[in-house]
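Worksheet: the structure to be examined is printed underneath.
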Number of protein chains: 2
Amino acid sequence: MTRKIVKSKYHFEPDLIETIGEVSIEEIKPWGSNDELKIIGKPTSRIDGAVKVSGEAVYTSDVILPNMVYAKILRSPHPNAQIKNIDTSEAEQLEGVLYILTYKNAPEIGWYYNTSYLFDKQVRYQGDEVACVAAESEKIAEDALHLIKVEYENLPFVTDAVEALKDNSPKVHEWGNLPRGNPDKYKRGDVEKGLKEADLVIEDTFTTQVVVHNTTEPHCSVAKWEGSKLTVWDSTQAIFNVRDSIAASLQIPASSVRVIKKYMGGGFGSKLEAGKYSVIAALISRKIKRPVKIVLDRREENLAVGNRPNSIQTLKAGVKKDGTLTALSHHSIGSIGAYPDGAGCSWPLRTIYKCENVSTEEYSVFTNTGKSRAYRAPGHVQGTFGLESLIDIAAEKIGMDPLEFRLKNYTDKDQVYNIPYTSKKLKDAYEKGANAIGWHRRNKVPGSSNGILKRGIGMATQIWWGGGGPPAYATLKLNRDGSVNVMAGTQDLGTGTYTFIAQVASEVLQLPIEKISITIGDTETCPYCGASGGSTTAASVAPAVRDAAEQMKAKLISGAAAILETSEEKLIYAEGIISVKNDPSKKITIHEIISKMRERVLVTTGARSANPEGYMINTFGAQFAEVEVDTFTGKVRVIKIVAAHDIGRVLNPKTLENQFHGGIIQGLGYALMEERKVDSNTGKVLTANLYSYLIPTIMDTPEIEVIIVSEGDSMISSVGAKGVGEPAIIPTAAAIAHAVYNAIGVRIKSLPITPDKVLNALTLIKR
Amino acid sequence: MTRKIVKSKYHFEPDLIETIGEVSIEEIKPWGSNDELKIIGKPTSRIDGAVKVSGEAVYTSDVILPNMVYAKILRSPHPNAQIKNIDTSEAEQLEGVLYILTYKNAPEIGWYYNTSYLFDKQVRYQGDEVACVAAESEKIAEDALHLIKVEYENLPFVTDAVEALKDNSPKVHEWGNLPRGNPDKYKRGDVEKGLKEADLVIEDTFTTQVVVHNTTEPHCSVAKWEGSKLTVWDSTQAIFNVRDSIAASLQIPASSVRVIKKYMGGGFGSKLEAGKYSVIAALISRKIKRPVKIVLDRREENLAVGNRPNSIQTLKAGVKKDGTLTALSHHSIGSIGAYPDGAGCSWPLRTIYKCENVSTEEYSVFTNTGKSRAYRAPGHVQGTFGLESLIDIAAEKIGMDPLEFRLKNYTDKDQVYNIPYTSKKLKDAYEKGANAIGWHRRNKVPGSSNGILKRGIGMATQIWWGGGGPPAYATLKLNRDGSVNVMAGTQDLGTGTYTFIAQVASEVLQLPIEKISITIGDTETCPYCGASGGSTTAASVAPAVRDAAEQMKAKLISGAAAILETSEEKLIYAEGIISVKNDPSKKITIHEIISKMRERVLVTTGARSANPEGYMINTFGAQFAEVEVDTFTGKVRVIKIVAAHDIGRVLNPKTLENQFHGGIIQGLGYALMEERKVDSNTGKVLTANLYSYLIPTIMDTPEIEVIIVSEGDSMISSVGAKGVGEPAIIPTAAAIAHAVYNAIGVRIKSLPITPDKVLNALTLIKR
């Protein structure tokens, strides 16, 4: 640390402290209980709430630039076809049409790991990009799409993953329908041996459907050039990924691309990559020298921006009479759509329960449908439904309470790597969740309650990562008036990132949250952080912010010591005032310190430190559902969900509850209604809109009780937060399904649990 | 420094280097001669040149936002008046008028050091703000101004500084016409004693006029609110000053205000503060909830945004026959207009020449005219004209060559603080400048050449500060593709700041300048730097950028050492590739290093180190002018200016020459034509436009030869640049005036040297 007071003799330099250089602070002590904190863990309204409610917040889809034009994308109506020719001449004649991009005039930009091009002559699913029209208005661009004449040669196609695996199936890509030619396999111990040791072997098959992210804000970009520099406003979860992809696609330096995302209406994993629309907007903008905006519509959202792959899971468990699991195996098939991705979903089975003998085999299969993408806890949501259903069955088969069965196979060690968790409070979650739902109230005999409306209670377990880690940086600027700017290269998906950053800075510097302004979501000006995915944002960014704030506090104390002519150890910092311990009359404010310096702003940069080696960081949770099944209509109503989780430290109970509510409602949709349906005869999506693709509304929303059983996990960072986004959704569908079974006494093994399936199941009983 | 390779066993973490922490680099060795450098010191085109020429560059006055409205300011037509009433009712009726702000509904915001308000009932000069109308278009707003009825009570006024000092003069402020009640005084040694020791005492009076900055881009702001956060696009030289002033005016945290300035069409000191228009735009925008744009027009530029104060300077010098200066005194009066400022101009006299006995007395006087503001080398331009004229006279009086006289009184020590300069190469400037102009060609007897067109040669000396210093920070981001983003809290006035920052990064990292992108001019996202004034920008910012780049290089070497499993000392960095000294086959690129890390971006922050204590940092220079005077019309044509300067290291000869050309042309305007004229009977400005206020055009521009006699000053920083902006203008007018004297043989002691003054002077000779 370098500092000095300059007793200047120059008239133009008043007495100043020279720049306070880097201060070295001791390793930051992890926070204790939230009870000891003032802002962290306290319900805090979103700092961006007011502008969102008032409509002032400018989302990417709201960006309007002078001279901006609009572009719309023509998409393939066919599931598999060769484009023989495109005639855009008529469309070009339409007044207001400015430019049309097709495979004929677009640069050859590789896409989907170079299995295709930005505009390819081969289209492989209904929705694949064929052309793009830029025009003076969105309406004109849309009209022009109808005037483009595309000559297609239709080819055989396959929309079903199981079909696609057959030898005689049409091939989506010439080298076959398995991206790497083989399934993904995992094995530990000896499953056959384990099954032999079992008293009972249970085997069953469970299926889950394809669901679509259907974010509130559609995927969109606005691209604007200034000379050789490109700015893209993008609705994205990963500004730096988008930047680097666009730069690589256009073969320009990444430093020449600026990606900005201020507010966003949801991503759920569908916005982790640069979309074709972003690159198309940039290409057209460069050509016509005007800003270009592309906003996908709801139909495109349902066709072309990703989905959660379906699954056909066949699971086997070896169980001893006392409940011990001796073996687990998992075989799954899932459609990844037309381009490379993964549909594996065996991870929960590999790791939730103590089991020595495990094997999994996952088939991620090409089909002529829209490509899958990461979707909130990819794999885990499907896999948890399969695994937890099997566990429920196993418990019942040996006559054990399903909760007790889970406790019997509880483990404090990660099962894949055989290392301990930094912390695991799943037992508390089981206990508190069971109490809250009234676990004892469940039907001892499933389906045994009377009446048309039958109630049942079920539960399921969840595991996820989410401990975060480096890289995450935050820069903190303390202004002369004691106000603070914090910058981080992260982005807010709508989950409350702005707010927790402000809370952390407020907590450390003991300054009112109103004085703290947050800037994120800008690749050019913000320090680097990774993508907002995997429930890692708060766990990664919060410690970086704390580090920057603690450094700032140390700088202030250092400056105060210089001015008050005392040593740093004798000083106390409280609410922006630094005073001498035994002489509180000797004190100085932030304002006074900075006023004594040449700077009007002090700057620090903090970083997320590394995670401990040899430990696994996971979140855990259990959700308990109570449902009411109308045995007359087959409709399932979810009465209540209790979500009891270990997610490390709660930063903000308000936004935490928001995320749980969102995840649970999304999980409810997955359990009961959402499903992308493809007509296997035509290869066309039957549900590319929000009247046939049903998502839950407020009328479907149950009572939700969120119970957090954890405090800060001091092993992972100075803040000890893990992550919330994904844990919230993982066990919901399984818990609901088990509650339905508990209500009606027949297990529905195929999601979504729609009224027809319920009625069919009830018919089975009656027979 | 912390770094490690993680041999990870987790499937989701490939082999990575953990974050490379802070690397400590040894003190950066100052660069040697520019010959040893590749980019620095080489003519480099502006990186923002193309977008400026193409018109793509968005200056503040070009900013257009959705839903934006335009505002125009009503200004007092009177030099001194009390507003009795304002009736805006008729104006409000005009269709398209949205809001009108006057003293009646504006908050009481103190202005001009609280000697007035944002909107005051008392107006003190023609141009003082009276009301502001916001409307759907600029035209409607302008029309509405005419419909506002203001009832003024006219009061006595004074427009002349000498008049204003008289006891019976009207008082601009009730406490008198001297801001602090007394003149500013300085004294060292004993002037009376010095004068007694002299062989000759010379006394004379020189006057200079008021000139107006008349920047190409007018003063302007666009204000936009989002909730409680305000963004202001402002044409300013000091984004952080503007931010803090606006925040203080509106009583909101500085962190809630973001000031952005990307490109600017000149400031010259007139844009160092927040203008009333900025705060007015913010107030109206908050009220009507739409973005508000205010762009001043040329008339307002001439009335209300500052000027260089005039001066009436009476100087006295004691001179020995051998040329030794025994005493110097300076008495000056200058009008600062209606609000507090300074008009002192004695600094050059205090310090340029070796002299033990010096006294100065400066009267900065209120008058009912537009307020003065800093204008390119405030004080020095006026003072240099006075001092250098006196020196020229003194030299002639004792029959000495004026250049020889100056060398006789040369000093290597600052005369005010009696400390050495870090470097001073003025002697070289004298020698090289004299050679370049052909000093021997001057008329030995002034005015002795024949013919109607008489030529003459003159010269003058210049001193200025401009060594820069802390605080200045730069953040450098190195992207995975080897491209670089650099950010600094400085701003480009149009002088080439973007370009030298890119050059420094390019030089250190040996990467092509096309890969380097610069972001400055944003208070929210850029690290802090001070105002762009005082010729300090390059001298302050360039070392900060170098520091950041050197740290980055050290990080890369550190990362390479980890990956190549060798020690850092054994590695060589060249053009983005790091190789082992004795085994060039072992090498790794930037891309490969960053690809081995979790980061896609490496970040470093550099800072400007402190200047050495006990030394004075100054720039020095001499300009030589050759003029041709048409003795028939009285018109002076400047044939050639040689500018020979010591400005430390040349970063970019191209932009350096640009700045010298601009400064010299502006100095020529000051010498020959520019003058704000006020009618003392009405108090009105007679020249508030560009057809009566003459500024030089390309037709007035002489041949300019720039000679830099200095290299990097290694005492001040690792870069060793001083500053160019102000040195360029300081001696020009004096050199031209002396050349005119040399041509016609009669000395014109009053600027500007207009044809009428020349003809009058020639008439005097003839008599």
Taking every pair of Cα atoms in region B:142-198, average 1/r, invert it to obtain the Kirkwood radius, and report Rg/Rh to two decimals.
1.34
Would you mind computing, in nm to one decimal, how far apart the modelled labels at residue A:192 and residue B:180 are, each placed 7 Å from Cα along Cα→Cβ?
9.8 nm
Please compute the average number of Cβ atoms from other chains found within 10 Å of each residue's Cβ in peptide B:245-254.
4
Got a sec? Which residues of region B:504-541 lose 30 Å² or more of accessible surface with every protein chain in place, vs. that chain alone, 1.4 Å probe?
B:517, B:519, B:524, B:525, B:528
Given the C-alpha centroids of region A:286-302 and region B:458-482, what is the distance between them in whole angstrom?
42 Å
Relative frequency of Cα-Cα separations exceeding 16 Å in region B:716-763, percent:
51 percent
For q = 0.06, 0.08 Å⁻¹, what log10 I(q)/I(0) does the protein assembly as shown give under the Debye formula with an equal point scatterer on each alpha carbon and no solvent?
-0.67, -1.07
Counting residues in chain B as N, plug N into 2.2 N^0.38 Å and put the Cα Rg over that result.
1.03
When the chain is fully extended, how far beyond the present Cα-Cα distance does residue A:418 get from residue A:33, taking 0.36 nm per residue of separation?
135.7 nm
Calculate the length of the line joining the C-alpha centroid of region B:730-767 to that of region B:661-715, in whole Å.
17 Å
For region A:269-408, restrict the atom set to alpha-carbon positions and state the Rg and Dmax in Å.
20.9, 73
Paramagnetic label zone (point 7 Å from Cα along Cα-to-C-beta, residue B:93; backbone N under 17 Å) in region B:143-181
B:143-150
Two pseudo-spin positions, 7 Å from Cα along C-beta at residue A:200 and at residue B:205, lie apart in nanometres by 11.5 nm
How big, in percent, is the set of alpha carbon pairs in region B:38-100 lying more than 20 Å apart?
63 percent
How much of the pair distance distribution for region B:591-725 lies past 18 Å, counting alpha-carbon pairs only, in percent?
70 percent
Ranking request for peptides B:281-293, A:363-375: highest mean number of other beta-carbon atoms within 10 Å first, then the rest in descending order.
A:363-375, B:281-293
Compare the Cα positions of B:345, A:665, B:165 along the charge dipole of the protein assembly as shown (+1 at Cβ of Lys, Arg; -1 at Cβ of Asp, Glu; about the Cα centre) and return the one farthest towards the positive end.
B:345
Take the rotation relating chain A to chain B, measure from its axis to every Cβ in chain A, and name the nearest residue with the distance in whole Å.
A:525, 2
Quick one: if the Förster radius is 41 Å, what FRET efficiency do residue A:287 and residue A:692 give, using the C-beta to C-beta distance and rounding to 0.05?
0.65
Under the classification rounded if a/c is under 1.5, otherwise prolate if a/b is larger than b/c and oblate if not, where does region B:50-187 fall, given a ≥ b ≥ c as square roots of the Cα gyration tensor eigenvalues?
oblate
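Using heavy-atom solvent-accessible surface (probe 1.4 Å) with all chains present, what is the largest-first order of A:410, A:113?
Largest accessible area first, the list is A:113, A:410.
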What list of whole percents do you get for P(r) of region A:18-123, with Cα-Cα distances grouped in 5 Å bins up to the one holding the largest distance?
2, 7, 9, 10, 9, 9, 8, 8, 8, 7, 8, 7, 5, 3, 0
Note down the net charge around residue A:344, summing +1 for each Lys or Arg and -1 for each Asp or Glu among other residues with Cβ under 13 Å from its Cβ.
0
At q = 0.13, 0.18, 0.20 Å⁻¹, base-10 log of I(q)/I(0) for region B:522-624 (Debye sum, equal scatterers on each alpha carbon):
-0.67, -0.91, -1.01
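Give the average, rounded to an integer, of partner chain Cβ atoms located within 10 angstrom of each Cβ in A:57-69.
Mean shielding by partner chains, rounded to a whole number: 2.
For residue B:298 and residue B:701, what does the FRET efficiency come to when R0 = 25 Å and r is the distance between their Cβ atoms, rounded to the nearest 0.05?
The calculated FRET efficiency here is 0.70.
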Longest exposed-site-free window of chain B, the sites being GluC sites (Glu not before Pro) in a DSSP loop that have at most 13 other C-beta atoms within 10 Å:
B:175-564
Quick one: if you stick a label point 7 Å off each Cα along the C-beta vector at residue B:404 and residue B:53, how many nm between them?
4.9 nm
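So which trypsin sites (Lys or Arg not before Pro) in region A:85-192 end up in coil per DSSP with only 12 or fewer other C-beta atoms within 10 Å? It would help to have the intermediate numbers written out before the result.
Working: sites: A:104, A:121, A:124, A:139, A:149, A:166, A:171, A:180, A:185, A:187, A:188; in loops: A:104, A:121, A:124, A:166, A:171, A:180.
Within region A:85-192, the qualifying trypsin sites (Lys or Arg not before Pro) (loop, at most 12 other Cβ atoms within 10 Å) are A:166, A:180.
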Accessible area expressed per residue, chain A, with surrounding protein chains retained (probe 1.4 Å, Å²):
36 Å²
Across every pair of different alpha-carbon atoms, what Kirkwood hydrodynamic radius in Å does region A:170-250 reach?
19.1 Å
Which whole number gives the average, over all residues in B:319-327, of C-beta atoms from other chains lying within 10 Å of the residue C-beta?
0
Could you work out what % of the accessible surface of chain B is carbon and sulfur, using a 1.4 angstrom probe and leaving DNA, RNA and ligands out of the count?
50 percent
Just the number: Rg to Rh for region A:662-703, Cα atoms, Kirkwood Rh, two decimals.
1.09
List, shortest first and in nm to one decimal, how far the label point of residue B:572 (7 Å from Cα along Cα→Cβ) is from its counterparts in the other copies.
6.0
For the A and B pair, go ahead and give the buried accessible area with a 1.4 Å probe, both sides summed, in Å² to 100.
5300 Å²
Shortest first, in nm, what separates the label point of residue B:342 from those of the same position in the other copies (7 Å along Cα→Cβ)?
6.7
From the mean inverse distance of alpha carbon pairs (Kirkwood) and the Cα radius of gyration, derive Rg over Rh for region A:474-579.
1.03
Residue-averaged [θ]222 nm for the protein assembly as shown, counting only DSSP H segments that reach four residues, each worth -39500 (n - 2.57)
-8000 deg cm²/dmol
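The values are calculated or read from the model by the stated rules, or taken from the named source; none is laboratory data. Because the structure is predicted, anything quoted here is derived from the model rather than measured. All Cβ positions, even for glycine, are placed from backbone atoms using ideal geometry, and neighbour counts span all protein chains on display. Quick note on the areas: whole protein, heavy atoms, side chains included, nothing else; ligands and nucleic acids left out. Shrake-Rupley method; radii C 1.70, N 1.55, O 1.52, S 1.80 Å.
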